[in-house]
1. How do the pairs read when you match residues in segment 21-39 that are not assigned by TED's automatic domain parsing to the domain that holds residue 163 with residues anywhere that are buried (at least 24 other Cβ atoms within 10 Å of the Cβ) and part of a loop (DSSP other than H, G, I, E, B), using Cβ under 7 Å and keeping only pairs 6 or more apart or on different chains?
2. Considering 400, 373, which residue is touching a residue at least 12 places away in the same chain (Cβ under 8 Å), surrounded by 13 or more Cβ atoms within 10 Å (Cβ to Cβ), within 20 Å of the chain's Cα centre (by Cα) and part of a loop (DSSP other than H, G, I, E, B)?
3. Just to be sure I understand, how many residues within segment 150-171 are surrounded by fewer than 24 Cβ atoms within 10 Å (Cβ to Cβ) and within 20 Å of residue 323 (Cα to Cα)?
4. Quick check on segment 64-76. Is at least one of its residues within 22 Å of residue 194 (Cβ to Cβ), buried (at least 19 other Cβ atoms within 10 Å of the Cβ) and at pLDDT below 95?
5. Say whether the condition of being buried (at least 20 other Cβ atoms within 10 Å of the Cβ) and over 30 Å from residue 154 (Cα atoms) is met by at least one residue in segment 34-54.
6. If we keep just the residues of segment 118-164 that are in contact with a helix residue (DSSP H, G or I) (Cβ under 6 Å, 6 or more places away or on another chain) and not in a loop (DSSP other than H, G, I, E, B), which is farthest from residue 11 (Cα to Cα)?
7. Any idea which of 297, 405, 325, 391 is touching a helix residue (DSSP H, G or I) at 6+ places or on another chain (Cβ under 6 Å) and farther than 18 Å from residue 56 by Cα?
8. Taking segment 112-149 as the search range and keeping residues that are in contact with a strand residue (DSSP E or B) (Cβ under 6 Å, 6 or more places away or on another chain) and without any contact (Cβ under 8 Å) to a residue 40 or more places away in the chain, which one is surrounded by the most Cβ atoms within 10 Å (Cβ to Cβ)?
């Protein structure tokens, strides 16, 4: 016999997913006194190979909340410039020194540390509830309106009645599927293999990548190790595995020779995780009683490391637009549509840039020989202001948000 489903007391907002968008939205709503319950299906935040780059625009949000100084006591490294090794030449692509922010750098911080920090800060607000190990399985609907969430918990299934349900549950979102929101997939020619190597103090810092011999790798400094993203053609992982680990390790050594004495650390394919890259977006982000934001509404490519920051901007915009209506119990479908209307153009244009970069990367992957940096790149990087413009795009995004005064 199936376990009985318990019904919890009504909450104003139930957020599905304890990622960057979900935790930030929960923090902001609770800060304004709105009762909010955040559901996270895992028992902790510890998932490796997630976005770890907190960009200047996001750090500015933390400054506006009075949390930046405290956040920066959490172990992290700083990237003030983004550079890449293309062929045998280094190019500086972005310089954050002149951005109009208090933190003029990208903070490289494991996402689980950032989420733990934000959840701890949100817990100071009495209207904030975080339920770890609670997995949303569906939506409660009545007369075409979402009125809450169905979830499995360690103590059995529950119903969580809510005035508003917000899906922040990523690219495989239960909220999106259960809400019957149609998805537009743009198609992507690349995937990413994630792995890690030990790091030494003498290693060069390079947060953008190495490109040569039909390969591209990105190294993210995690203190005592590198998180490594190895770009491959879409669907090519099986072929790489068939060629064997020695060939895989040699391809890394060829691009980044300083790693040659530690590629042997990868002694099993179990240490290599495939990220299937997606770029998509919902035709509509909401239906009555339901709103999707972050990757649930628009999956971003890892290009530029901006996904976490787009998600945080979505959360801030959502809180700015919806808080008053939630406080006064006057929320309408029009309020939810406002979020999409406000954020969609910036998201679509950012995705367009990512799709353009994918085409360039695809050409790189099709050229197995030594790379000669193109003349256009050499000219662009020599133009005054180029590094500032790229820093604006990467570091600030197309629509940087600000915390609305209470």
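The values are calculated or read from the model by the stated rules, or taken from the named source; none is laboratory data. Worth saying up front: this structure is predicted, and the values here are computed from it rather than measured. Neighbour counts run over all protein chains shown; Cβ positions are idealised from the backbone, glycine included.
1. none
2. Details: 373 fails: within 20 Å of the chain's Cα centre (by Cα).
Answer to the check: 400.
3. The qualifying residues number 2.
4. Yes, that holds for at least one residue.
5. yes
6. Checked segment 118-164; the qualifying residue farthest from residue 11 (Cα to Cα) is 118.
7. Working: 297 fails: touching a helix residue (DSSP H, G or I) at 6+ places or on another chain (Cβ under 6 Å); 405 fails: touching a helix residue (DSSP H, G or I) at 6+ places or on another chain (Cβ under 6 Å); 391 fails: farther than 18 Å from residue 56 by Cα.
The conditions single out 325.
8. 140
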